[in-house]
Amino acid sequence: MEILVEFFAYLIRYSPNGERRVSVFLKDGSTVRNLFETLEIPPQAERICLVNGAYHSEGTILRQGDVISLYPMIDGG
């Protein structure tokens, strides 16, 4: 299946081609965690993951055409 991944701020370093938006091909039934493994994003890289604009956990199963947005964690107050 093909999904679109959008990288924001420093997370662009994990983009396979250095672009902010890339298509990624995964096996059917893959999860957000599988996507992170495919992109070689280490578990300690703090990030927020949105699937089609809504927050989802790493166990969320992805579907053809999903749009994944990866944001760095933001501190402050």
Of (1) 40, 16, 11; (2) 19, 14, 11; (3) 46, 19, 10, the label for semi-axes √(5λ) of the Cα gyration tensor in Å derived from the coordinates: (2)
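Which FRET efficiency value, to the nearest 0.05, do you get for Arg13 and Val67 by plugging their Cβ-Cβ distance into 1/(1 + (r/R0)^6) with R0 = 25 Å?
Efficiency computed from Cβ-Cβ geometry: 0.80.
Between Arg33 and Leu4, 0.36 nm times their residue separation minus their Cα-Cα distance comes to what?
Numbers: separation 29, 0.36 × 29 = 10.44 nm, distance 1.52 nm.
So the chain would gain 8.9 nm between Arg33 and Leu4.
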Relative contact order computed over the chain (Cα-Cα under 8 Å; 6+ residues apart), in percent: 42
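Tally the DSSP beta bridges in the chain and give the antiparallel ones as a percent, rounded to 5.
Details: 13 of 17 bridges.
Here the share of antiparallel DSSP bridges comes out near 75 percent.
Using only DSSP helix segments of four residues or longer, with each worth -39500 (n - 2.57), what per-residue ellipticity at 222 nm results for the chain after dividing by its residue count and rounding to 500?
On the way: 1 runs with 7 residues, N = 77.
After summing the helix terms and dividing by the residues of the chain, the value is -2500 deg cm²/dmol.
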Estimated dipole of the chain in Debye, rounded to 20 [Cβ of Lys and Arg +1, of Asp and Glu -1, Cα centre]: 80
Sorted by Cβ neighbour density within 10 Å, fewest at the top, the residues Ser69, Ser23: Ser23, Ser69
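Laboratory data are not the source of any read-out in this text; all were calculated from the coordinates shown. Computed from a predicted model, the values in this text were never measured in an experiment. All Cβ positions, even for glycine, are placed from backbone atoms using ideal geometry, and neighbour counts span all protein chains on display.
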